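Report on the following structure.
The values are calculated or read from the model by the stated rules, or taken from the named source; none is laboratory data. For clarity, every value in this text was computed on a predicted model and none was experimentally measured. Positions of Cβ are backbone-derived with ideal geometry, glycine not excepted, and every protein chain shown enters the neighbour counts. The area values use the complete protein model at the heavy-atom level, side chains included, leaving out ligands, DNA and RNA. Shrake-Rupley method; radii C 1.70, N 1.55, O 1.52, S 1.80 Å.
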Amino acid sequence: MANIKNMETAQQVLNHKNIAIEKSFFGLKTSIKYIPTGSNVKAEVYELTPNMGEKLIKILNTPEDKQEKAVAAAGKVEFSQIGHYILETFVSEDKAFVAMQVFRFVDFVNVPASDLVMYEGNSAAILAGVL
């Protein structure tokens, strides 16, 4: 799990109405919960090649009602060790909540290449299928 303090999308996701932050072990351990199902949310950061980054940007920019076709056409996203694109994800264990945003690494800074998308329910499960 990525350190959420270093993620650019963290504050927006943690402010979502159905997300709760739980601290334990004297405040040293932080976990994220999706409130409706009570499942843990895992935060991850992946690097992508330029081709995979552009493919994922197209999926994220697709309207919600057409995402199933876009995800099926794209298939699984392949991650890279060193990439020009960075994908930040928050996915609940039961795939009922997904938040994703793609960034481009330009001039030593991460620049948003897509909007932050957050889906719940069936739409979230569909989008989680690319990971």
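In the chain, a dipole from Cβ-located charges (positive for Lys and Arg, negative for Asp and Glu) runs towards its positive end, and of 84, 37, 63 it is 37 whose Cα lies farthest in that direction.
The local environment of residue 105, defined by Cβ-Cβ distances under 13 Å, has a net charge of -3 under the rule Lys, Arg +1 and Asp, Glu -1. For region 61-131 versus region 3-55, the spacing of their alpha-carbon centroids is 13 Å. On the chain, 52 percent of the accessible area sits on carbon and sulfur atoms, based on a 1.4 Å probe.
Of all aspartates and glutamates in the structure, not one has an alpha carbon short of 13 Å from that of residue 23, not counting any fewer than 8 places away in one chain.
Distances between placed amide hydrogens fall under 5 Å for residue 49 paired with 80, all partners being 5 or more residues away or on another chain. Each Cα pair under 8 Å and six or more residues apart adds its sequence gap; the mean of these over the residue count of region 53-111 is a relative contact order of 29 percent. Accessible surface ranking for 23, 29, 69, 1.4 angstrom probe, highest first: 69, 23, 29. Ordering 15, 26, 114 by the projection of their Cα atoms onto the charge dipole of the chain, which places +1 on the Cβ of Lys and Arg and -1 on the Cβ of Asp and Glu, puts 26 at the extreme positive end.
In the elastic network of the chain, a GNM with C-alpha springs shorter than 10 Å, the most mobile of 89, 37, 49 is 37. Counting every alpha-carbon pair across region 24-78, the share separated by more than 14 Å comes to 68%. The candidate values are [x] 44, 36, 21; [y] 47, 38, 24; [z] 45, 32, 30; the one derived from this structure for Cα extents along the principal axes in Å carries the label [x]. Our coupling estimate for region 75-83, obtained by passing each phi through the Karplus curve with A = 6.51, B = -1.76, C = 1.60 and θ = phi - 60°, is x, 6, 7, 9, 8, 10, 6, 10, x Hz, Gly and Pro reported as x. Relative contact order, whole percent, for the chain stands at 23, derived from Cα pairs under 8 Å and 6 or more residues apart. Listed values for region 55-68 are Karplus-derived 3J(HN,Hα) couplings in whole Hz (6.51 cos²θ - 1.76 cosθ + 1.60, θ = phi - 60°), namely 4, 5, 4, 4, 5, 5, 8, 6, x, 4, 6, 10, 5, 4, and x replaces Gly and Pro.
Protein heavy-atom accessible surface, 1.4 Å probe, per residue over region 1-86: 66 Å². Cβ under 13 Å from residue 129's Cβ, residue 129 left aside: what net charge do those residues give with Lys, Arg +1 and Asp, Glu -1? Net charge around residue 129: +2.
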